[in-house]
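One structure below.
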Amino acid sequence: MNGLGGANPEGVVAEDSLAPDAPVAPVMLPLLTGGLFRADRYHFFPVLDSTNRYAALLAQEGAEEGSVVVADRQTEGRGRLGRSWSSPAGLNLYVSVVLRPAMRARDAAQLTLLAGVALAHAVAALSVDGRPALLQPELKWPNDLLLQGRKVAGVLTEMRTCTERNERIRHVIVGIGVNVNGAPETFPEALRDTAISLATVARSPLDRSLFLAGLLAQLDRWYGRFCQDGFAPLRAEWLACSRLVGQPVRIRLASENFSGQAMALDADGCLLVQRANGMLTRVVAGDVLLPGER
Ligand code: BT5
C-alpha cells in the first residue's frame, strides 16, 4: 500500500473474489489503448471510501492528467452538497479521473456537462448480444443521466485551484457513478422509485469493464474537443442529449426555491429559467426537479 491511506478500509479484499466483469487492471489494461487514459495511470481497488477522495490525494501528490481511479465498492461514495452515492459491491461503476485543464476555475462546471455528454454517448452505444441495446439516455442539468425518467448515473466534479485568487485550476476530479447491473432491490429503499440501472432497462446484464472502456474513450474524445474548440460544441451536444429545454421545472437553490420553464443553457453552461412573472434567472448551481419529481 502507498502512503495515501483510505484504500481497502475494511481490510484486504482479494481481486480474484470479485465478479468476472470487475474492471480490474489486468482486464482493463488491454482496453486502454493510448490516448488520455493510459494503462500506467489506471488504479483499481476492490474497496475505497470514495474514488473522488482517493483521486484527489493522487492528484495532490502529482498524478498526471488522465489518471483513473476505480473501485468495485465505495464505503463513503459522495454526491454533491454532502449527499451520498449508493455504491454496493459487484454491480456498478465508480470511477474518478484526474484532469488538469488550462481553464478558469469558474468554468469548471462545464466538465460536469462534458462527463454527461460522454456518459450519454457511452450508454447510447451499448449493445446486448451483438445488437444495439437502443437505450435512450437523457441528460438532466447539471449532473444526472436519466433512463426512463430515473437516475442511472451522476457526476461529481471537485477541483483544487492554484493561484492566490483561485482563478486557475490545479486539478479537477471528475467522479462518475453509473448503476450498471444493480437490480431494483439493490438500491436503498428511499431510492427505489427514482434510481434505475442500465441492465434493468436493457433487460440483460452488462459487462462493467467494457462499459468503462467505452466511457473512457468518450471522455477522451469530448475532453480533447473541449480543450481544442472550447465549450460551444459541447454545449450543443449537451442540448442534443437533453429534453430539459422547454420543460416546466422547479429549481432548488440553497437560498430559495422557484418554478419556471427551462429556456436554455447559456454560453457558460448555466441554466436559464423563466419564472412565471417573466423574469429570466441564471442558475449557476442547484437542483432541478422535473414534473412528478419530489
Ligand atoms: C451525484 O450527486 O449525482 C453525484 C454522484 C457521483 C458519484 C460518483 S461515484 C465515483 C465518484 N466517487 C464519489 O465519491 N462520488 C463519485 P447528487 O446530484 O448530489 O445526487 C445524489 C443523490 O442521488 C442522493 O442524495 C440520492 O438521492 C441519489 N442517489 C444516491 N445514490 C444513487 C444511485 N446509486 N443511483 C441513483 N440515485 C442515487
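Here are some notes:
- Residue check for residue 190: more than 16 Å from the chain's Cα centre (by Cα), within 10 Å of the ligand (Cβ to nearest atom) and in a helix (DSSP H, G or I): yes
- Residues within segment 149-185 that are within 20 Å of the chain's Cα centre (by Cα), among the acidic types (Asp, Glu) and away from the ligand (no atom under 16 Å from the Cβ), tallied: 0
- Residue that is nearest to the ligand (Cβ to nearest atom), among those in segment 74-86 that are in contact with a Leu (Cβ under 9 Å, 6 or more places away or on another chain) and of a type in the set (Ser, Thr, Tyr): 86
- Test result for residue 180, among the aliphatic types (A, V, I, L, M) and touching a Phe, Trp or Tyr at 6+ places or on another chain (Cβ under 7 Å): yes
- Against the test of being more than 9 Å from the ligand (Cβ to nearest atom) and either at pLDDT below 95 or more than 26 Å from residue 55 (Cα to Cα) (or both), the options 115, 124 yield a single qualifying residue, 124.
- Residues satisfying the stated conditions in segment 45-59, i.e. more than 13 Å from the ligand (Cβ to nearest atom) and buried (at least 23 other Cβ atoms within 10 Å of the Cβ): 59
- Some residue of segment 197-208 being in contact with a strand residue (DSSP E or B) (Cβ under 9 Å, 6 or more places away or on another chain), modelled with pLDDT under 95 and more than 10 Å from the ligand (Cβ to nearest atom): no
- Number of the exception - residue 81 against (1) among the hydrophobic types (A, V, I, L, M, F, W, C); (2) outside any strand (DSSP E or B); (3) buried (at least 24 other Cβ atoms within 10 Å of the Cβ): (3)
- Meets criteria (polar (S, T, N, Q), in contact with a strand residue (DSSP E or B) (Cβ under 6 Å, 6 or more places away or on another chain) and in a strand (DSSP E or B)) for residue 259: yes
- Members of segment 13-41 found to be among the charged types (D, E, K, R), modelled with pLDDT of 95 or more and part of a loop (DSSP other than H, G, I, E, B), listed by number: 21
The values are calculated or read from the model by the stated rules, or taken from the named source; none is laboratory data. Quick caveat: nothing in here was measured; it's all calculated off a predicted structure. For neighbour counting, all protein chains shown are included, and Cβ atoms are generated from backbone atoms with ideal geometry for every residue, glycine included.
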